[in-house]
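Have a look at the structure below, then the notes.
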Amino acid sequence: MTHDTLRSMTHEDLDVVRAWRNHPSVRDFMFTREEIAAEDHRKWFEKCAADPLRALLIFECGGRPRGFVQFSPALSRGVADWGFYTAPDAEKGTGRRLGQMALTHAFDTLGYERVAGQAIGDNAASIRMHTTLGFTEEGRLRRHFFDGTNWHDIILFGLLNTEWRDSQQG
């Protein structure tokens, strides 16, 4: 079994995270679908890394980067929006392990009361991951996102600290 870790993203991770983000298997399910230029990616990282309320994290399997997750402040203190993706060639099950480790970090280390997520309506993998991790579908924004060709629903998910803790005890 591989040893999984979660650590803060650094400048040294920029190239690999940008490559994952720009890969069609990831990019096609993002709200921003154009390829990200290296300079834009660097500026994004520096802005986010300077914000003490944001967490940019790298998920490693056996010492090898295999995924990215971020937590961003939402409207109320103690509530975060999250986003994530795995390396396009990540082994089956990597996303679930990333999610479990990231949510434990969010609730136990970062002290969140609630984590909220969104998925584009035809992103079956993201929807399945949210429900598998214990998120509740809290709403659907119908035809809320236009990708340049088609309109898509956005599914809203939420997970409370108490729900996460209860799910981890069984």
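The values are calculated or read from the model by the stated rules, or taken from the named source; none is laboratory data. Predicted model only: the values in this text are computed from it and were never measured. When we count neighbours, we look across all protein chains shown, and the Cβ atoms used for this are built from the backbone with ideal geometry, even at glycine.
Structure above, values below:
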item	result
Test for R143: is it under 22 Å from T32 (Cα atoms), over 13 Å from the mean Cα position of the chain (by Cα), not aromatic (F, W, Y) and not in a loop (DSSP other than H, G, I, E, B)	yes
Members of the stretch 68-122 found to be farther than 19 Å from L53 by Cβ and touching a Pro at 6+ places or on another chain (Cβ under 8 Å), listed by number	A87
Some residue of the stretch 69-92 being of a type in the set (K, R) and modelled with pLDDT of 95 or more	no
R114 among the charged types (D, E, K, R), out of contact with any Ser or Thr (no Cβ under 7 Å at 6 or more places or on another chain) and surrounded by fewer than 13 Cβ atoms within 10 Å (Cβ to Cβ)	no
Cross-chain or 6+ apart pairs with Cβ under 9 Å, the stretch 111-127 first and in a strand (DSSP E or B), then among the aromatic types (F, W, Y) and modelled with pLDDT under 95	Q118/F31; A119/F29; I120/F29; I120/F31
Failed item in (1) in a loop (DSSP other than H, G, I, E, B); (2) farther than 21 Å from V16 by Cβ; (3) of a type in the set (A, V, I, L, M), with A90 passing the rest	(2)
Every residue from the stretch 147-161 that is within 20 Å of the chain's Cα centre (by Cα) and farther than 17 Å from F71 by Cβ	D147, H152, D153, I154, I155
Residue selected from the stretch 150-165 under the condition in a helix (DSSP H, G or I) and in contact (Cβ under 8 Å) with a residue 40 or more places away in the chain, by the criterion nearest to E113 (Cα to Cα)	N161
Condition check for F59: outside any loop (DSSP other than H, G, I, E, B), touching a Leu at 6+ places or on another chain (Cβ under 6 Å) and among the aromatic types (F, W, Y)	yes
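Residue by residue, here is whether (1) free of Cβ contacts under 8 Å to residues at least 24 places away in the same chain; (2) of a type outside the set (K, R); (3) at negative phi; (4) buried (at least 17 other Cβ atoms within 10 Å of the Cβ) holds:
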position	(1), (2), (3), (4)
L14	no, yes, yes, no
F31	no, yes, yes, no
A50	yes, yes, yes, no
I58	no, yes, yes, yes
